[in-house]
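> This structure is in structure tokens; I'll ask about it shortly.
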Amino acid sequence: MGKKASELVKYYNNGNGPVIGTVHRNVLYQDGLYFKDIDGSGVMKDYNDWRLSPKQRAESYVKQLSVREKIGQLFIADWRMGIYQKDESKRDESGLLDEAPVVKGENIFARQDLPGTTDAINNWFVRHFIFRQNPTPQQHTDWINQLQASAEKCDHLVPVIIASNSRNEHGEMVFGMNDSSGVFTEWPGTLGIAAAIKGDSIEIIDRFAQTVRKQWDAVGMKKGYMYMADVMSDPRWQRTYGTFGEDPQLITEIFGRMVPIVQGSENGVTPQGIAMTVKHFPGGGTRENGFDPHYAMGQWNVYPTPGSLQKYHLPAFQKAVDKKTASIMPYYAKPALEKSAAQTDCNGDMLEMQPYGFAFNKPFIDGLLRNQMGFEGYVNSDSGITGNMCWGVEMLDVAERVGFAINHAGVDIISGAFNIDEAMEAYERSKNDYYDTHPVPAGFRKEDLVLTDEVLDRAVARTLEELFAIGAFENPYRDAEKAAEIISDEKDKAEAALVHRKSVTLLKNDGTLPLTAEKLAGKKVYAATFFKNGDQAPGENEKLHTLLADKVQLTDDYNEADYALLMLNPSSGDYFSATKGYLELEICENKTVCDIDDVGRPTDTTHSETTLAGMGEIEKIAAAVHAKGGKVIANINITLAWQVSGVEKLADCLLAGYNTFTDATLDVILGEFNPTGRLPITLPKDDSVIAVNKDGVCISPNDVPGYDKDQYMPDEMKDENGKAYAYRDSMGNYYEMDFGLSY
């Protein structure tokens with residue numbers, strides 16, 4: 001096996017300037033300084049000069065690249081590491097790169113033949129990869145270094161950039177949401193971070209952002225598909241748990257602080273920073289009754305409330321733009337014209353609503369985002385817009401979808417597939433007489449469906465500018481051992497652990513909590529975990545009992561327990577596919593619910609839904625413990641806006657976590673930490689407040705966050721306090737945004 005690039009890097013120190021790191025590239029020496037020979041000419045050019053601005057260098061260098069080289073940089077899609085390739089003969093000599101071609105690789109976005117890694121870099125000239133695997137920090141760093149060394153062998157040097165979804169939140173790895181588990185320092189889920197901030201200080205986000213920047217830079221992963229600036233306004237949206245909640249003001253403040261810290265400055269990304277791709281413009285929370293645009297049923301953003309876009313959904317994106325976020329990702333969806341009230345642009349004028357997915361939507365991308373909001377970075381589409389999620393442009397072929405997104409709407413890089421051949425076809429159609437012999441699809445102009453040299457230069461210059469700004473041309477290499485040391489920093493873990501504790505939200509307490517040593521003296525505790533999939537419970541019960549073993553007297557028989565401690569982890573739906581009905585929010589087992597038709601309206605037929613296996617068992621546990629005069633303490637993991645009535649009525653004490661560490665929750669229960677967390681979302685009362693009529697219209701507007709829904713609810717549904725939407729518990733407390741108790 002040959003040496004790894006990590007062992008071959010040569011460094012040239014510029015003193016007060018950047019370090020130059022290279023494996024295969026020549027280095028130029030001028031004016032007492034070192035510069036990398038990025039075009040291979042051996043002659044000093046302006047784009048080699050790190051003293052010039054990234055924008056100047058990018059606009060100059062793009063003119064040196066061939067059409068094929070530019071087209072390779074128009075796309076970003078998933079890639080794989082060699083260490084996961086079982087056939088060692090299909091790895092490169094370092095063992096790090098997977099060189100096996102993939103025949104008709106298929107995911108939810110598209111089907112495509114893919115080459116081996118070196119072929120992709122050297123012949124396809126692709127430079128943007130999405131990484132979803134979960135190696136050690138050393139493996140991660142070595143792999144990226146190897147990719148960079150491979151890119152250095154090309155005639156024209158363009159470094160590789162690796163993007164990932166977030167990796168610093170606890171929870172199960174979910175494709176497209178959280179790409180890591182147990183490697184990078186794990187904070188609570190983003191809902192939990194918001195809950196902690198609401199109960200403590202906005203400075204929590206500063207420390208979180210510092211951890212992200214430091215750890216990602218350590219391995220050389222310089223582009224983050226993060227974070228979601230979406231305001232959760234439809235409670236059935238499956239991606240709720242990836243947001244910071246429903247509070248536009250808080251989310252705006254979070255992005256105002258997080259973007260410059262993660263990117264390294266107030267003026268855009270730096271060599272020490274991570275380029276952020278803020279998503280999903282213009283706000284993915286305005287779902288139609290929870291349907292997600294990963295599937296056809298959810299292909300619309302609905303705006304039934306006049307002015308809701310500007311009031312709730314755009315402020316956080318505007319703040320990210322103001323703070324010079326490197327990139328913005330539009331969502332797949334398209335505006336639902338017939339189901340939307342008037343929405344205004346930034347000038348107060350009527351916003352044009354075209355029936356195209358937002359990555360194809362010129363009024364939103366070129367008009368609203370760039371011309372009015374002032375966005376200067378690049379637009380990175382969500383994955384699959386040229387394949388399975390091409391909402392609104394299904395009638396176009398793939399080449400035309402590429403042309404329409406990049407040329408017409410102003411997208412700069414397309415995610416989900418490497419449509420190299422189709423993009424070349426779109427370019428050639430601008431030069432030949434294709435549309436003289438082929439019809440232009442109705443409603444489109446042929447000039448908008450092709451790629452031109454001007455359009456290629458615009459798009460590629462924008463992504464090259466990012467590569468210059470992050471210092472990738474000068475030194476993309478990182479030290480694997482140092483990366484491992486940085487990521488294992490105990491101070492970062494301690495900081496994250498504290499925020500886990502601060503995220504815990506106490507919703508109900510009859511005085512039982514905290515369970516102090518005095519209260520536990522001579523008492524027995526029954527502890528159990530519950531999931532949608534009951535098979536998960538035994539292993540998690542064992543972990544829970546281990547955490548409690550030296551703190552309480554455990555019993556396996558709830559009939560003799562003085563306290564029942566129940567850890568509830570409900571789950572509902574999948575944002576990659578529609579459910580048979582609406583996404584179920586009640587914590588329930590075998591609940592009969594209505595089906596829906598092919599346009600999302602309720603039908604007379606029914607099916608059964610379970611979000612938590614064992615609800616019947618929980619009722620038995622509560623009855624037995626209460627019969628003995630004992631108390632029931634329940635903790636609910638909040639990933640969606642759960643309807644909690646079935647649990648709350650059984651529990652004397654109720655807490656909420658957000659992919660929060662179990663030991664953090666136990667610290668709160670046992671009185672070792674006074675709860676400070678506050679709800680980042682409103683929990684709906686019951687099915688009546690999210691009921692959908694025969695026309696598919698929800699009684700509470702999909703585009704208004706929970707805290708503001710009451711102003712739109714029918715008066716007959718409101719109680720003596722004028723409230724209808726939020727759940728009210730047996731102690732009179734409303735589980736609405738910002739609610740939470742302390743001891």
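The values are calculated or read from the model by the stated rules, or taken from the named source; none is laboratory data. In this text the structure is predicted, and so the values were computed from the model without any measurement. Counting neighbours? That spans all protein chains shown, and the Cβs are built from the backbone with ideal geometry, glycine included.
> Among the listed residues VAL668, VAL704, identify the single one that is farther than 12 Å from PRO235 by Cβ and not in a strand (DSSP E or B). Spell out the reasoning first.
Numbers: VAL704 fails: farther than 12 Å from PRO235 by Cβ.
None of the other options fit; the residue is VAL668.
> Looking at PRO701, is it surrounded by 24 or more Cβ atoms within 10 Å (Cβ to Cβ) and either in the same structural domain as GLU589 (by TED's automatic domain parsing) or under 26 Å from THR190 (Cβ atoms) (or both)? Before you say what the answer is, go through the steps one by one.
On the way: surrounded by 24 or more Cβ atoms within 10 Å (Cβ to Cβ): no; either in the same structural domain as GLU589 (by TED's automatic domain parsing) or under 26 Å from THR190 (Cβ atoms) (or both): yes.
Spelling it out, it is not the case that PRO701 is surrounded by 24 or more Cβ atoms within 10 Å (Cβ to Cβ) and either in the same structural domain as GLU589 (by TED's automatic domain parsing) or under 26 Å from THR190 (Cβ atoms) (or both).
> For the condition in contact with a Gly (Cβ under 8 Å, 6 or more places away or on another chain) and of a type in the set (S, T, N, Q), what is the one hit in SER94, SER53? Even if it seems obvious, please write down each step before you answer.
On the way: SER53 fails: in contact with a Gly (Cβ under 8 Å, 6 or more places away or on another chain).
Result: SER94 is the single residue among SER94, SER53 that is in contact with a Gly (Cβ under 8 Å, 6 or more places away or on another chain) and of a type in the set (S, T, N, Q).
> Let me ask another. What pairs can you find where one residue is in region 128-149 and touching a residue at least 12 places away in the same chain (Cβ under 8 Å), the other is among the aromatic types (Phe, Trp, Tyr) and in a helix (DSSP H, G or I), and their Cβ atoms are less than 8 Å apart, with a gap of 6+ or different chains?
Note: pairs meeting the criteria are GLN133/TYR84; PRO135/TRP143.
> Hand me the list of helices (runs of 4 or more DSSP H) wholly inside region 485-548 holding 3 or more residues that are surrounded by 12 or more Cβ atoms within 10 Å (Cβ to Cβ) and in contact (Cβ under 8 Å) with a residue 40 or more places away in the chain. Walk me through how you get there before you give the answer.
Values: elements: 490-503, 517-520, 537-548.
In region 485-548, the matching helices (runs of 4 or more DSSP H) lie at 490-503, 537-548.
> Right, another one. Name the residues in region 707-729 that are surrounded by 13 or more Cβ atoms within 10 Å (Cβ to Cβ) and either in contact (Cβ under 8 Å) with a residue 40 or more places away in the chain or not in a loop (DSSP other than H, G, I, E, B) (or both), would you?
Of everything in region 707-729, those that are surrounded by 13 or more Cβ atoms within 10 Å (Cβ to Cβ) and either in contact (Cβ under 8 Å) with a residue 40 or more places away in the chain or not in a loop (DSSP other than H, G, I, E, B) (or both) turn out to be TYR707, ASP708, LYS709, ASP710, TYR712, MET717, TYR725, ALA726, TYR727, ARG728, ASP729.
> Something else about it: When the residues of region 252-311 are filtered to those that are of a type in the set (S, T, N, Q) and outside any loop (DSSP other than H, G, I, E, B), which remaining residue is surrounded by the fewest Cβ atoms within 10 Å (Cβ to Cβ)?
Checked region 252-311; the qualifying residue surrounded by the fewest Cβ atoms within 10 Å (Cβ to Cβ) is GLN310.
> Across region 671-701, what is the number of residues that are in a helix (DSSP H, G or I) and either touching a helix residue (DSSP H, G or I) at 6+ places or on another chain (Cβ under 6 Å) or β-branched (Val, Ile, Thr) (or both)?
Number of matching residues: 2.
> Also, I was wondering about something else. Can you tell me which residues in region 1-53 are among the charged types (D, E, K, R) and in contact with a helix residue (DSSP H, G or I) (Cβ under 8 Å, 6 or more places away or on another chain)?
Result: LYS4, LYS36, ASP37, ASP39, LYS45, ASP46, ASP49.
> Can I ask one more? When the residues of region 334-372 are filtered to those that are charged (D, E, K, R) and not in a loop (DSSP other than H, G, I, E, B), which remaining residue is nearest to MET395 (Cα to Cα)?
By that ranking, first place goes to LYS334.
> Okay, moving on. Given the options ALA218, ALA194, name the one that is of a type outside the set (S, T, N, Q) and under 18 Å from THR676 (Cβ atoms).
Answer to the selection: ALA194.
> Checking the condition at pLDDT below 95, within 25 Å of GLN139 (Cα to Cα) and in contact with a strand residue (DSSP E or B) (Cβ under 7 Å, 6 or more places away or on another chain), which residue from GLY176, GLY224, GLY182 passes?
One residue alone meets the criteria, GLY176.
> Suppose the filter is at pLDDT below 95 and either in the same structural domain as ILE365 (by TED's automatic domain parsing) or surrounded by fewer than 21 Cβ atoms within 10 Å (Cβ to Cβ) (or both); does GLU246 pass it?
Against the criterion (at pLDDT below 95 and either in the same structural domain as ILE365 (by TED's automatic domain parsing) or surrounded by fewer than 21 Cβ atoms within 10 Å (Cβ to Cβ) (or both)), GLU246 does not qualify.
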